[in-house]
Amino acid sequence: MQIFDYHPPSLPWLDIRYRDRDMIVISKPSGLLSNPGRAEVTHDCALTRLQTLYPETILVHRLDCATSGIMVFARNNKAESNLKIQFQDRNMEKVYIAEVDGLLEQNAGVIDLPIGPDVEHRPLQKIDVNGKSAITDFRVLERREHSTLVELRPHTGRTHQLRVHMKALGHVILGDDFYGDERVRSARQRLCLHAQSLTLTHPFKGKTLCFASHHPF
């Protein structure tokens, strides 16, 4: 995405799904950055929108600008530390829904392919035997005429992991302007990738909580 093409959606301005003294959960729309970049135009993002209402809001993790769905933010340093450790230790369960190009033959499987930066085409990533371990479970939900709706459960959190893994299977996510050709890019008005649910342990109450936002595909 080029900076001059950044036009974040204004509706919904914020879709807050849960809030308590320790954390806030939102459903981020596609086209909104998770946190600001260096350019002034990128100041409008999920984090700064939350901080206008709750100045203490702290970023815990990110979703790609084009990816929509569930995000969790901390409201104090202790909660931030706890939530980040849950992400780092892979104690959170993340479920994504994607609509991909073509028809997947397998009903389910595991993609275990390491990922590293494509140094000649930054910020793209690629399958790299010398890269970091990346594992994704996939399950077909629906086969359509020319596409497949698939559930993706990443065990790791590499940059562009789901995009790169689906490309490696030969089924690029529709609307992907990074990894798709012109036909795939123009097939949809947005990247068809949505963080549908996130299951975590409350940083202080110790309760298991699951937050969901149904996919729009």
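The values are calculated or read from the model by the stated rules, or taken from the named source; none is laboratory data. What you are looking at is a predicted structure, and each value in this text was computed from that prediction instead of being measured. Every residue, glycine as well, gets a Cβ built from its backbone with ideal geometry; the counts of neighbours run over all protein chains shown. All accessible areas refer to the heavy atoms of the entire protein, side chains included, with ligands and DNA or RNA removed. Shrake-Rupley method; radii C 1.70, N 1.55, O 1.52, S 1.80 Å.
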Review point. How many residues are surrounded by 15 or more Cβ atoms within 10 Å (Cβ to Cβ) and closer than 28 Å to R144 by Cα when one looks only at the range 76-96?
Key: 3
Check your understanding: Within the range 97-115, is even one residue part of a loop (DSSP other than H, G, I, E, B), crowded, with 17+ Cβ neighbours inside 10 Å and at pLDDT 95 or above?
Key -> yes
Point to revise | Conditions (1) in a loop (DSSP other than H, G, I, E, B); (2) surrounded by fewer than 16 Cβ atoms within 10 Å (Cβ to Cβ); number of the one not met by L209 | key: (1)
Point to revise | Selection count, the range 130-141, where residues are open to solvent by 30 Å² or more (accessible area, probe 1.4 Å) and out of contact with any Gly (no Cβ under 9 Å at 6 or more places or on another chain) | key: 3
Revision key, fill the gap. Subset of the range 142-166, residues open to solvent by 20 Å² or more (accessible area, probe 1.4 Å), farther than 25 Å from V60 by Cβ and in a strand (DSSP E or B), comes to E142, R143
Check your understanding: Can you find a residue in the range 4-19 that is part of a loop (DSSP other than H, G, I, E, B), surrounded by 13 or more Cβ atoms within 10 Å (Cβ to Cβ) and touching a helix residue (DSSP H, G or I) at 6+ places or on another chain (Cβ under 8 Å)?
Key -> yes
